[in-house]
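Encoded as structure tokens, the structure appears first; notes follow it.
The values are calculated or read from the model by the stated rules, or taken from the named source; none is laboratory data. These numbers were taken from a predicted model, which means no experiment stands behind them. So basically every Cβ, Gly included, is an ideal-geometry build from the backbone, and we count neighbours across all protein chains shown.
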Amino acid sequence: MKPHIHRRDVRQLGSTLIELMLVIAILSIVTGAILSQLGTASQRIGAEQVKVDNFDQARDFVDQFFRDINQIGYPNGHIVNNIVTVPPANDARVAVGLVKITATSVWFEGDINGSGIVQSVQYMINGSGTCALCLQRSAIPKVTGTAPLAQGPADWGTEVNDLTTPIIFTYFDTNGVAVPVPADITNNPTVIASVKTIHISLTIQNNNVIDQKTGQPIQTSFEGEVSLNNCSLAAGGAMTC
């Protein structure tokens, strides 16, 4: 005997199937939208993490630079007595202050570790000659009898990678006027002695790290400025302060 199905039951079953299909379709759309948003959020998180890492790298460099530059020119010729064997600028006990400045490098002397030993300190793009986009640092004990520009060999360590900034260091005198570069203690002593402020500008960009949202390399910028007590031995071979 065949089961008897009422027409009303058939209509209800059809309505239930349609409703179920609609629910599934709606859930699929909602799920797709959620997954899309999660993908976008994941991309943004990745991009922001790269920016944070770059910013931390730049900030660590600037902190190190500020610590070093705060010791520039110490101890100076007023502190050290009995400088008789060599010119004051060539005495390892005396820090002459700034030695050389360019748009991509700065060289100075100072007791940066508080150990009583004067260091010849350099910051330079590609100082080692093996990393074109690296800002590197060298700090070596000053050698008596050797002129400031002849100290070496340098001992380079990398501070910042992937720098694309054409001008990193800008120098100003007490009136806020830009100091011309390049200049060094031998050929431009009065220029070297006039520097009172150093502005730092860093732009970090690795072309292999792409922001998935914009399709462009991720770029991070950082700027800082430090005023220095530039008691230089450059001008006339005597302390300027």
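The selection criterion, being at pLDDT 90 or above and either more than 23 Å from the chain's Cα centre (by Cα) or on the phi > 0 side of the Ramachandran plot (or both), does not hold for Ser201.
Checking the condition touching a helix residue (DSSP H, G or I) at 6+ places or on another chain (Cβ under 8 Å) and of a type in the set (S, T, N, Q), which residue from Thr144, Thr158 passes? Thr144 is the lone residue from the list that is touching a helix residue (DSSP H, G or I) at 6+ places or on another chain (Cβ under 8 Å) and of a type in the set (S, T, N, Q). For the range 138-149, the tally of residues that are surrounded by 21 or more Cβ atoms within 10 Å (Cβ to Cβ) and within 19 Å of Thr102 (Cβ to Cβ) stands at 1. Within the range 132-145, how many residues turn out to be touching a strand residue (DSSP E or B) at 6+ places or on another chain (Cβ under 6 Å) and assigned to a loop (DSSP other than H, G, I, E, B)? Residues flagged as touching a strand residue (DSSP E or B) at 6+ places or on another chain (Cβ under 6 Å) and assigned to a loop (DSSP other than H, G, I, E, B) within the range 132-145 amount to 3. Residues that are within 13 Å of Asn230 (Cβ to Cβ) and in a loop (DSSP other than H, G, I, E, B) within the range 146-177 comprise Asp173, Thr174, listed in sequence order.
Tell me, which residue of the range 90-121 that is aliphatic (A, V, I, L, M) and under 12 Å from Asp184 (Cβ atoms) is modelled with the lowest pLDDT? If we take residues in the range 90-121 being aliphatic (A, V, I, L, M) and under 12 Å from Asp184 (Cβ atoms), then Val96 is modelled with the lowest pLDDT. Scanning the range 164-213 for residues that are over 25 Å from Glu109 (Cβ atoms), in contact (Cβ under 8 Å) with a residue 40 or more places away in the chain and not polar (S, T, N, Q) yields Pro166, Ile204, Val209, Asp211, Lys213. Of the residues contained in the range 95-104, one or more are found to be in a strand (DSSP E or B), touching a residue at least 60 places away in the same chain (Cβ under 8 Å), surrounded by 13 or more Cβ atoms within 10 Å (Cβ to Cβ) and not hydrophobic (A, V, I, L, M, F, W, C). Looking at Pro180, is it closer than 24 Å to Pro87 by Cα and outside any strand (DSSP E or B)? It is false that Pro180 is closer than 24 Å to Pro87 by Cα and outside any strand (DSSP E or B). When Gly176 is tested against (1) at pLDDT below 95; (2) in contact with a strand residue (DSSP E or B) (Cβ under 7 Å, 6 or more places away or on another chain), just one condition goes unmet, and that condition is (2).
Evaluation of Met124 against the conditions (1) in a strand (DSSP E or B); (2) touching a residue at least 40 places away in the same chain (Cβ under 8 Å) shows that the sole unmet condition is (2). Identify, from the list Thr170, Thr165, the residue that is closer than 23 Å to Thr220 by Cα and modelled with pLDDT under 90. Just one listed residue meets the conditions, Thr165.
Taking the range 179-201 as the range and being surrounded by 20 or more Cβ atoms within 10 Å (Cβ to Cβ) and touching a strand residue (DSSP E or B) at 6+ places or on another chain (Cβ under 7 Å) as the test, the residues that pass are Val181, Ala183, Ile185, Val191, Ile192, Val195, Ile198, Ile200. For the range 202-220, the tally of residues that are surrounded by 16 or more Cβ atoms within 10 Å (Cβ to Cβ), touching a helix residue (DSSP H, G or I) at 6+ places or on another chain (Cβ under 6 Å) and polar (S, T, N, Q) stands at 1. The residue list Gly129, Gly110, Gly152 contains one member that is surrounded by fewer than 15 Cβ atoms within 10 Å (Cβ to Cβ) and in contact (Cβ under 8 Å) with a residue 12 or more places away in the chain, which is Gly152. Residues considered: Ile140, Ile185. Of these, the only one that is modelled with pLDDT of 95 or more, in contact with a Pro (Cβ under 9 Å, 6 or more places away or on another chain), under 18 Å from Pro75 (Cβ atoms) and aliphatic (A, V, I, L, M) is Ile140.
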